[in-house]
Amino acid sequence: MRLHHAGISVPDLDRALRWYCDALGLEPGFRFEIPPAGLRGAFAVGHGGSGIELLEQAGATPGASRPDPPAANAIHGFSHAAFEVDDLDAAYARLIEFGATGVWPPRESPQPGVRMAFVADQDGNLIELVQPEAA
């Protein structure tokens, strides 16, 4: 079994899809609409087919604030999406250039042999970047 995708509710599907593809280097995938539910969605897909499902629901309201990992972990439910990168410092800088908010700059992870960083996307969703040591 492997993770296929994580879903994130966003206020503007087109803007979010463009950002995830441009900033993270993901590719636009399957788009869909469920008119009776007022729902539009699209996938942003990475290497190996896993990715993020972005969902725009008519009438949705912002959820609880999750400005950093400790605050996100204090609320049950979705905390963050994580992406493995080859160059943590470059990936962090790229996301900041594309309008992400820096949350935790690149640093050592609690997991031995891994560096990590956190940003928030344009809607405040936390994104973790991880870079394992080269084998």
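What is the gain in length, in nm to one decimal, between Asp89 and Val114 on full extension, counting 0.36 nm per residue of separation less the C-alpha to C-alpha distance?
7.7 nm
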Computed [θ] at 222 nm, deg cm²/dmol, the chain (DSSP H ≥ 4; -39,500 (n - 2.57); rounded to nearest 500): -5500 deg cm²/dmol
With a ≥ b ≥ c the root eigenvalues of the C-alpha gyration tensor of the range 81-135, is it rounded (a/c under 1.5), prolate (a/b larger than b/c) or oblate? prolate
Among (i) 40, 32, 21; (ii) 49, 34, 32; (iii) 43, 25, 25, the entry matching Cα extents along the principal axes in Å as calculated here is (ii)
Compute the accessible area per residue over the range 20-83, keeping the other protein chains in place, probe 1.4 Å, unit Å². 57
Of all DSSP beta bridges having both residues in the chain, the percent classed as antiparallel (nearest 5) is 75
Which net charge results when you count Lys and Arg as +1 and Asp and Glu as -1 among the other residues whose beta-carbon is under 13 Å from that of Pro67? -2
Taking 0.36 nm per residue of sequence separation and subtracting the Cα-Cα distance, how much length would be gained by fully extending the chain between His4 and Glu27, in nm to one decimal? 6.8 nm
Report, in whole Å, the centroid distance computed from the Cα atoms of the range 45-83 and the range 21-44. 14
Within the accessible area of the chain, what % is carbon and sulfur when the probe is 1.4 Å and the other protein chains stay in place? 55
Quick one: Karplus J couplings for the range 47-59, per residue in order, coefficients 6.51, -1.76, 1.60, θ = phi - 60°, nearest Hz, x for Gly and Pro? 4, x, x, 7, x, 10, 9, 9, 10, 10, 9, 4, x
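Mean separation of Cα pairs under 8 Å and 6+ residues apart, divided by the residue count of the range 33-135: what relative contact order is that in percent?
With pairs under 8 Å counted, the relative contact order is 22 percent.
The values are calculated or read from the model by the stated rules, or taken from the named source; none is laboratory data. Computed from a predicted model, the values in this text were never measured in an experiment. Ideal geometry is used to build each Cβ from the backbone, glycine not excepted, and the neighbour counts take in all protein chains shown. Calculation scope for accessible area: heavy atoms of the full protein, side chains included, ligands and nucleic acids excluded. Shrake-Rupley method; radii C 1.70, N 1.55, O 1.52, S 1.80 Å.
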